[in-house]
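Chemist: The structure follows.
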Amino acid sequence: MNDYKAPGLALANMWVGFIAFAAAVLLGVYQVVERIDLVPALKSPELYFGSVSTHGVLMGFVLTTFLIMGYGYYTATTSLKQPLWNKPLAWFGFYLAVIGVLMAAAPLLTGNAFVLFTFYPPLVAHPTFYIGAVLLVVGSWVWCLEMIMSTMKWKKANPGETIPLAMYGTTANAIMWLFTSLGVAAEVLFQLLPWSLGLIDTVDVGLARTLFSWTLHAIVYFWLFPAYIAFYTLMPKQAGGKLLSDQMGRLAFIMLLVISVPIGFHHLYMGPFQAAGWKFLHMTGTMLVAVPTLITGFTIIASMEIAGRLRGGKGLFGWIGKLPWNNPMVLATGLAMLMLTFGGFGGVINASYSMNVMIHNTQWVTGHFHLIFGGTTVIMYFAIAYYLWPKMTGKELHSNGMALKQLWLWFIGMLVLTLPWHQLGLDGQPRRISSTPYDAELVEKWIIPEMAMIVGGVILLISALMLVYNLYRTHGNQVAVAVPEVEYAEPVHSIARMPHLMNSFGFWVGLIIVYLVASYGYPIAQFFLMETFGAVPWSI
């Protein structure tokens, strides 16, 4: 195994993420069962909201952050073919983040942090929860520094060379996370933490939600970036072909970096905190962020077609059957693209200033979120793990057949879970509730979709356990494998020279700062320029 790789660091991060993931899925099954009063003995609003809060934190903050860090560390070493910039610091960031998770877990498990995962006052958690969240974020900032400095070190050693696409996307994600996490960091450090400690009596709800909106939607692209990186840099090679265009990948990464941060107000459409003009501005940016998704969809499907035709596919659609669907990376990409299509349609509804009114705060939003995040994003996390585990452990994957079944179960379970949620949202069922004690005739319409979502939740739990079991058994596999280099995809047309703007980040960082000031400058400043009314702490 080459000295520059960091498999131990990558594995440690990924295992923390997947252990959190398994616990989160188990809690998710409890929630869908409790919500429809199927088992009266489980009825407990306190337990339900505690479960929702823990589920959200484990999936949205722990799984994602540690998976992204682990994947990023391995990508940095294998794509740049050099050691990490500062490996001891990377380990420090890992341990700091783990300590943060354990600190946040204590109040979650003892009923002192029923705040969901949206950091919205007047809900308040124990100070330990906020301190733990801060440590987790600071640990992730260490990762960001590692990615940026590793790229700078490589560029200094390779002047004029093109940054490998995988590392270009990873560095773009690190820069974006540094910018977008500032919103929630400011909210926690200057509002929620002093508030929970009793240092201040009230907190400005409008300012808090505005700061959190700075992070709230861009964090989705922080989660999604690894999936896109795998689409562009791993899948084409695994499919037996080449990437249609390296430039399209860089363009998509740049657009996600620049556009995705200042668009958070579409989560505040129904709130009184911002004027309509600011909401419209953010809506425009939200619609624009669909462009890199369309670019990605076209480029990746075209790359799959190239692979299929190189394998002998004929006719209009004959290439589809020729793809190696027994390869987890290829299968996961195909399933992810289908879920991205369904989920993307729902996202356009959410982003529209007018149509959002129909589904605001309903189960439609829950369905859309789970289909994009739990579906498109997380299924690619599985594919990344299946591809990298043998390379990091030196052991053959325990069961490729189990991996394929697990991916199919996750896809089926996610559709069975989320499509009924979309229907329930259109029928008016609200989200963020522990039960539905409403008009009997209305509730009767919800029974079949609610039963379906339980079936979907159970399928997802089985799939999650299969993933963890397969990865765990791989470590003990007696069949050792030669550890080849990660096979990054080559573009159809070799790159003679990459334009400077598509091989660097300085200009884009400046553009992000301008865009952020334009989008959030006055909307934040207004809370210091007018009289506002603070909220007192409230717990479930």
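The values are calculated or read from the model by the stated rules, or taken from the named source; none is laboratory data. Since the structure is predicted, the reported quantities are computational estimates derived from the model, not experimental observations. As a convention, Cβ positions derive from the backbone with ideal geometry for all residues, glycine included, and neighbour counts pool all protein chains shown.
Chemist: Report, by residue number, each residue of segment 271-291 that is over 17 Å from Tyr221 (Cβ atoms), small (Gly, Ala, Ser) and either surrounded by 14 or more Cβ atoms within 10 Å (Cβ to Cβ) or touching a helix residue (DSSP H, G or I) at 6+ places or on another chain (Cβ under 6 Å) (or both).
Modeler: Across segment 271-291, the qualifying residue is only Gly271.
Chemist: Has segment 170-186 got any residue that is of a type in the set (Ser, Thr, Tyr), in contact with a Gly (Cβ under 7 Å, 6 or more places away or on another chain), under 30 Å from Ser494 (Cα atoms) and buried (at least 22 other Cβ atoms within 10 Å of the Cβ)?
Modeler: Yes, the conditions are met somewhere in segment 170-186.
Chemist: In addition: For the structure I just gave you, tell me whether Ala464 is aliphatic (A, V, I, L, M) and in a helix (DSSP H, G or I).
Modeler: When the stated conditions are applied, Ala464 passes them.
Chemist: Residue pairs, Cβ under 7 Å, 6 or more apart or interchain, first in segment 363-385 and surrounded by 24 or more Cβ atoms within 10 Å (Cβ to Cβ), second not charged (D, E, K, R) and not in a helix (DSSP H, G or I). List them.
Modeler: Note: pairs meeting the criteria are Gln363/Gln429.
Chemist: Failed condition for Asn477, given (1) surrounded by fewer than 17 Cβ atoms within 10 Å (Cβ to Cβ); (2) more than 30 Å from Val33 (Cα to Cα); (3) not hydroxyl-bearing (Ser, Thr, Tyr), with all others met?
Modeler: Asn477 satisfies all of (1) surrounded by fewer than 17 Cβ atoms within 10 Å (Cβ to Cβ); (2) more than 30 Å from Val33 (Cα to Cα); (3) not hydroxyl-bearing (Ser, Thr, Tyr) except (1).
Chemist: Kindly indicate the residue of segment 330-356 that is in a helix (DSSP H, G or I) and aromatic (Phe, Trp, Tyr) and also surrounded by the most Cβ atoms within 10 Å (Cβ to Cβ) among those meeting that condition.
Modeler: Going through the qualifying residues, I end up with Phe342.
Chemist: Is it true that some residue in segment 56-69 is crowded, with 23+ Cβ neighbours inside 10 Å, closer than 11 Å to Val142 by Cβ and modelled with pLDDT of 95 or more?
Modeler: Yes: segment 56-69 contains one or more residues that are crowded, with 23+ Cβ neighbours inside 10 Å, closer than 11 Å to Val142 by Cβ and modelled with pLDDT of 95 or more.
Chemist: Quick one: count up the residues across segment 517-535 that are free of Cβ contacts under 8 Å to residues at least 24 places away in the same chain, assigned to a helix (DSSP H, G or I) and of a type outside the set (Phe, Trp, Tyr).
Modeler: Selection size over segment 517-535: 5.
Chemist: Related question: Taking segment 1-47, which residues are surrounded by fewer than 21 Cβ atoms within 10 Å (Cβ to Cβ), over 18 Å from the mean Cα position of the chain (by Cα) and either aromatic (Phe, Trp, Tyr) or not in a helix (DSSP H, G or I) (or both)?
Modeler: Scanning segment 1-47 gives Met1, Asn2, Asp3, Tyr4, Tyr30, Ile36, Asp37, Leu38, Val39, Lys43, Ser44.
Chemist: Please tell me if Phe507 is among the hydrophobic types (A, V, I, L, M, F, W, C), touching a Gly at 6+ places or on another chain (Cβ under 8 Å) and in a helix (DSSP H, G or I).
Modeler: no
Chemist: Show the residue pairs meeting these rules: Cβ distance below 9 Å; 6+ apart or different chains; first residue within segment 11-33 and under 16 Å from Gly50 (Cα atoms); second residue of a type in the set (Asp, Glu) and in a helix (DSSP H, G or I).
Modeler: Val32/Glu450
Chemist: Same structure again: Kindly evaluate Ser260 against the criterion of being polar (S, T, N, Q) and at pLDDT below 90.
Modeler: Yes; evaluated as a whole, the condition is true for this residue.
Chemist: Looking at the structure I just gave you, is Lys242 within 20 Å of Ile379 (Cα to Cα) and touching a residue at least 12 places away in the same chain (Cβ under 8 Å)?
Modeler: no
Chemist: Among Leu281, Leu256, which is the only one that is among the aliphatic types (A, V, I, L, M), closer than 21 Å to Ser354 by Cβ and part of a helix (DSSP H, G or I)?
Modeler: Of the residues listed, the single one that is among the aliphatic types (A, V, I, L, M), closer than 21 Å to Ser354 by Cβ and part of a helix (DSSP H, G or I) is Leu281.
Chemist: Still on this structure, please answer the following. Scanning for something in contact with a Gly (Cβ under 7 Å, 6 or more places away or on another chain), at negative phi and not in a helix (DSSP H, G or I), does segment 432-440 turn up at least one residue?
Modeler: no
Chemist: Can you find, within segment 508-523, the residue that is nearest to the chain's Cα centre (by Cα) among those that are surrounded by fewer than 17 Cβ atoms within 10 Å (Cβ to Cβ) and within 21 Å of Ala208 (Cα to Cα)?
Modeler: Ile513
Chemist: Just for segment 435-467: of the residues that are more than 17 Å from Ala22 (Cβ to Cβ) and touching a Phe, Trp or Tyr at 6+ places or on another chain (Cβ under 7 Å), which one is modelled with the highest pLDDT?
Modeler: This residue is Met453.
Chemist: Let me ask something additional. Tyr95: surrounded by fewer than 24 Cβ atoms within 10 Å (Cβ to Cβ) and either in contact with a Ser or Thr (Cβ under 7 Å, 6 or more places away or on another chain) or not hydrophobic (A, V, I, L, M, F, W, C) (or both), yes or no?
Modeler: yes
Chemist: If you scan segment 259-278, which residues turn out to be within 23 Å of the chain's Cα centre (by Cα) and assigned to a helix (DSSP H, G or I)?
Modeler: Result: Ile259, Gly264, Phe265, His266, His267.
Chemist: Kindly list the number of the only condition in (1) among the hydrophobic types (A, V, I, L, M, F, W, C); (2) surrounded by 24 or more Cβ atoms within 10 Å (Cβ to Cβ); (3) in a loop (DSSP other than H, G, I, E, B); (4) touching an Asp or Glu at 6+ places or on another chain (Cβ under 9 Å) that fails for Ala113.
Modeler: (4)
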